[in-house]
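The values are calculated or read from the model by the stated rules, or taken from the named source; none is laboratory data. Because the structure is predicted, anything quoted here is derived from the model rather than measured. Every residue, glycine as well, gets a Cβ built from its backbone with ideal geometry; the counts of neighbours run over all protein chains shown. The protein model used for the area step is the full one, side chains on, heavy atoms only, and it has no ligands, DNA or RNA in it. Shrake-Rupley method; radii C 1.70, N 1.55, O 1.52, S 1.80 Å.
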Amino acid sequence: MTKRPTVEKMAQRVAAASLLLLFFLPAKSHAAASEWVTSAGGAIRLVAAQPQADGTIPAILEIKLKPGWKTYWRNPGASGIPPQITIDPSSGVVLEGIDFPAPKTFGEGPARYVGYDTPVTFPLTLKRTRDDGDLAVRASVFLGICEDICIPVQGELNLVLKKGEFDNPLDGARIADAVAALPQAPSTDFKVATARFDEEAGAIRLRLQLPPEATAGEPDLFFAGPAGMSFGEPAFGVETGVQRTADIPVRFSGKDRNIKGKPVALTVRAGSRSMETTLAFD
């Protein structure tokens with residue numbers, strides 16, 4: 001006959017099992033993510049990893065969008081609000097850059113704008129300005145989230161990177177996925193073959209090399225230039241296949257109508273691939 005354990009022995013076994021479980025659980029890591037700031041159409045937050053040897057801090061601005069809502073690209077069009085991020089300098093951190101996945105075009109004519117209609121993540125490059133201690137990152141974010149009308153969203157995003165702690169693996173995966181989703185650098189099978197500015201026509205004239213799997217349909221072109229410069233809808237040539245030509249009207253809103261020496265960022269979406277490069281005109 002098997003003897004039932006006493007209440008005291010049961011308590012001892014439960015305690016021992018609890019200690020064993022705690023022994024095998026990983027040490028709690030600091031989640032380097034801010035709280036979500038919510039709005040009518042979605043939510044935003046900041047996620048960051050531990051500083052690298054050179055002081056660079058990989059990070060992302062993560063944007064959740066509710067169905068039917070959109071947000072904007074770096075050059076959204078005449079009426080859009082591009083994402084703006086300001087880091088409090090007392091954080092010991094500065095913002096060195098923000099990158100964007102390839103966007104989409106919405107609307108036509110004066111109502112045309114460029115952005116995203118699904119959740120999107122913007123990789124950030126932060127840099128620490130001091131070498132010791134924890135970093136309390138404080139970021140002010142301003143962007144537009146739109147359905148039928150556009151709602152400006154402003155929020156303060158705060159997180160702490162504790163010195164010596166390990167990254168949360170899920171946060172690291174989010175950052176890595178966001179970087180992997182960015183447009184590629186130019187390659188032999190996907191690039192701008194030639195680019196020139198036709199001053200008389202007021203247009204950029206491009207010849208594009210597209211990847212073999214993207215010969216059907218026309219590629220999407222997205223431009224971002226200095227303040228006072230905007231771009232019209234591309235007019236594509238009659239060519240088909242991997243070699244395409246396009247003329248893009250350039251408009252100047254100020255007195256300076258010179259494009260020479262001014263960098264123009266170009267993102268090309270062709271099929272399932274995207275590519276980004278910087279155009280320079282002599």
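If the condition is being open to solvent by 50 Å² or more (accessible area, probe 1.4 Å) and either among the aliphatic types (A, V, I, L, M) or free of Cβ contacts under 8 Å to residues at least 24 places away in the same chain (or both), then the range 108-118 contributes 108, 111.
Checking 71, 105, 121 one by one, the residue that is outside the structural domain of residue 267 (by the TED database), within 13 Å of the chain's Cα centre (by Cα), touching a residue at least 60 places away in the same chain (Cβ under 8 Å) and open to solvent by 30 Å² or more (accessible area, probe 1.4 Å) is 121 and no other. Among the residues of the range 254-275, the ones that are assigned to a strand (DSSP E or B) and open to solvent by 10 Å² or more (accessible area, probe 1.4 Å) come to 4 in all. For residue 195, the conditions (1) farther than 21 Å from residue 85 by Cα; (2) assigned by the TED database to the domain that holds residue 128 all hold with the exception of (2). Screening residue 278 with (1) open to solvent by 50 Å² or more (accessible area, probe 1.4 Å); (2) in contact with a strand residue (DSSP E or B) (Cβ under 7 Å, 6 or more places away or on another chain); (3) in a loop (DSSP other than H, G, I, E, B) gives one miss only, at (3). Restricting attention to the range 237-282, which residues are basic (Lys, Arg) and touching an Asp or Glu at 6+ places or on another chain (Cβ under 7 Å)? The answer is 260, 269. I'd like the full set of residues that are basic (Lys, Arg), farther than 19 Å from residue 175 by Cβ and either assigned to a helix (DSSP H, G or I) or touching a strand residue (DSSP E or B) at 6+ places or on another chain (Cβ under 6 Å) (or both), limited to the range 57-115. If the condition is that a residue be basic (Lys, Arg), farther than 19 Å from residue 175 by Cβ and either assigned to a helix (DSSP H, G or I) or touching a strand residue (DSSP E or B) at 6+ places or on another chain (Cβ under 6 Å) (or both), then 66, 70, 74 are the ones that fit.
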